[in-house]
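Single-structure report; data block below.
Every read-out reported here was derived from the displayed coordinates using simple, explicitly stated rules and does not represent laboratory data. Note that the structure is a prediction, hence the values are computed from the model and not measured. Positions of Cβ are generated from backbone atoms using ideal geometry, with glycine treated the same way; all protein chains shown enter the neighbour counts.
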Amino acid sequence: MKTSKELKVFLASPRGFCAGVERAIEIVEKSLKKYGTPVYVRHEIVHNKYVVEDLKKKGAIFIEELNEITDKSRPVIFSAHGVPKKVPLEAHNLNISYIDATCPLVLKVHRQAENLHKLGYHLILIGHQNHPEVIGTMGQLSSGSIDLIQNEEEAKNYKFKINVKTAYVTQTTLSVDDTRNIIKILKEKNPDIKEQLKEDICYATTNRQMAIKNIAKNCEIIFVIGSRNSSNSLRLVEVAKKAGCSETYLFHSKSEIPYDKIEKVKTIGISSGASAPELLIKNFIKNLKSKFKISVEEIEIVKEKVVFKVPNNLN
């Protein structure tokens with residue numbers, strides 16, 4: 001039943017799909033159109049359950065490893081997070097054709113790591129263990145050539161190799177502020193560490209974090225719509241909490257809207273991770289409208305115009 005309660009909703013912008021996610025989904029859809037069904041996808045194409053289920057309905061089969069492919073005549077798509085070097089090699093050995101949907105900004109980090117390694121640098125990767133993007137980046141180099149640092153504590157305890165040039169790269173979906181702090185610690189320990197001219201954290205991650213920071217101070221509760229395995233969505237929750245809204249929650253596919261909590265406040269904020277479709281935001285607001293009298297204000301900090309093209313052979 002609808003109450004007479006008035007609720008102000010601050011909608012963070014930019015939010016939702018980034019260019020890399022849009023490109024990856026388009027690659028799967030165009031591959032299905034060109035090659036027919038099924039098309040295999042190694043790992044979730046992007047970390048969002050709604051997107052994955054939608055593509056399954058259209059004929060995509062999701063696998064974790066290439067040896068799960070039963071029909072080797074069908075193509076496989078590598079997810080937006082990137083893959084270790086051994087994966088395309090394995091596809092070649094198994095005679096499976098593949099389409100790489102790795103985000104171009106992740107590929108840029110792969111190339112940086114390779115080039116620095118060729119120049120004789122030992123690499124540090126700032127990122128989260130077991131995240132597919134981290135597995136992919138570390139898998140560009142031979143074992144022992146790259147060390148992972150996940151947080152400030154690990155940065156403080158890191159032992160630099162004596163008389164060895166060191167450089168760092170980062171995962172693209174990290175907290176901008178946390179990463180800055182880790183880099184500061186590493187530079188204090190080793191002022192000669194080679195840094196990137198342009199940071200690796202992608203434009204979309206940076207923009208979404210700035211946008212949620214911008215609304216956090218005005219909100220009593222914030223909901224970040226995204227999946228539990230989405231790194232950029234989880235970082236948005238952390239950033240909003242640090243920016244002043246301690247009641248920030250990840251709203252995922254199994255979540256239910258906590259109307260009892262919302263009943264007690266006057267202002268809420270909404271954002272979404274870079275792999276969450278806008279439809280999920282619209283549905284969330286529609287559900288709120290069924291219970292409360294709401295007014296929505298979209299707070300946009302920057303317009304995003306980035307577009308990544310799909311491979312020519314799919315057009």
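Here are some notes:
- For region 259-315, convex hull volume per residue from C-alpha positions, Å³: 127 Å³
- Here, region 19-100 yields an orientationally averaged convex hull projection of 4.9 nm² when only Cα atoms define the hull.
- Candidate lysines for bridging to Lys291, where Cα separation is under 17 Å - those fewer than 8 sequence places away on the same chain excluded: Lys2, Lys5, Lys8, Lys261, Lys264, Lys266, Lys282
- Per-residue Karplus couplings for region 18-35, computed as 6.51 cos²θ - 1.76 cosθ + 1.60 with θ equal to phi - 60°, are listed in order as 9, 5, x, 5, 4, 5, 5, 5, 4, 4, 5, 5, 6, 5, 4, 5, 7, 9 Hz, Gly and Pro entered as x.
- Calculated diffusion of region 24-179, Stokes-Einstein form, Kirkwood radius summed over Cα pairs, 4 °C and 1.567 mPa s, µm²/s: 77 µm²/s
- Cross-link reach is defined here as a Cα-Cα straight distance under 28 Å, omitting same-chain residues fewer than 8 places apart; for Lys187 the lysines meeting it are Lys108, Lys118, Lys156, Lys159, Lys161, Lys165, Lys198, Lys213, Lys241, Lys242.
- With contacts taken as Cα pairs under 8 Å at a separation of at least 6 residues, the chain carries a relative contact order of 28 percent.
- Centroid-to-centroid, using Cα positions, region 236-315 and region 133-211 are 28 Å apart.
- As a rough guide to protection, the peptides 156-165, 196-205, 278-287 ranked by mean Cβ packing within 10 Å, highest first, stand as 196-205, 278-287, 156-165.
- Estimated FRET transfer efficiency when R0 is 22 angstrom, pair Asn218-Lys303 (beta carbons, to 0.05): 0.55
- Mean Cα-pair separation over length for region 19-100, i.e. relative contact order, pairs under 8 Å, 6 or more apart, %: 31 percent
- Calculated [θ] (222 nm, deg cm²/dmol) that DSSP helices of n ≥ 4 give over the chain, each run adding -39,500 (n - 2.57): -11500 deg cm²/dmol
- Projecting label points 7 angstrom from Cα along Cα→Cβ for Glu263 and Glu154 puts them 4.4 nm apart.
- Unit Cα scatterers, Debye sum, the chain: log10 I(q)/I(0) for q = 0.09, 0.12 Å⁻¹: -0.51, -0.87
- Positive end of the dipole of region 104-201 (Cβ unit charges, origin at the Cα centre): among Thr172, Ile135, Asn115, the Cα lying farthest that way belongs to Asn115.
- Evaluated at q = 0.16, 0.18, 0.19, 0.22 Å⁻¹: base-10 log I(q)/I(0), Debye formula over Cα of region 55-139: -0.70, -0.84, -0.91, -1.11
- When peptides 43-50, 105-112, 32-39 are ranked by their average number of other Cβ atoms within 10 Å per residue, the highest-first order is 43-50, 105-112, 32-39.
- Mean Cβ neighbour count within 10 Å, used as a protection proxy, ranking 213-221, 58-66 highest first: 213-221, 58-66
- Remark: relative contact order (region 104-201) = 32 percent; criterion is Cα-Cα distance under 8 angstrom and separation of 6 or more residues.
- Taking amide H atoms as placed 1.01 Å from N in the peptide plane, the amide H of Thr248 lies under 5 Å from those of Ile222, each 5 or more residues away in sequence or on another chain.
- Calculated on alpha-carbon atoms, Rg and Dmax of region 191-252 in Å: 13.7, 44
- Kirkwood-type hydrodynamic radius, region 104-201: 13.3 Å, calculated from all non-identical alpha-carbon pairs.
- Efficiency of FRET from Cβ geometry, Leu119 and Glu278, R₀ 41 Å, rounded to 0.05: 0.45
- Electrostatic dipole magnitude of region 104-201 [Cβ: Lys, Arg +1; Asp, Glu -1; Cα centre; debye, to 20]: 400 debye
- For Lys305, a cut-off of 16 angstrom between C-alpha atoms picks up these aspartates and glutamates, skipping any fewer than 8 places away in its own chain: Glu22.
- Computed over region 136-284, Kirkwood Rh from alpha-carbon pairs, angstrom: 17.2 Å
- Cα-centre dipole for the chain with unit charges at Cβ (Lys and Arg positive, Asp and Glu negative), debye to 20: 580 debye
- Taking amide H atoms as placed 1.01 Å from N in the peptide plane, the amide H of Ile124 lies under 5 Å from those of Asp147, Ala167, Tyr168, Val169, each 5 or more residues away in sequence or on another chain.
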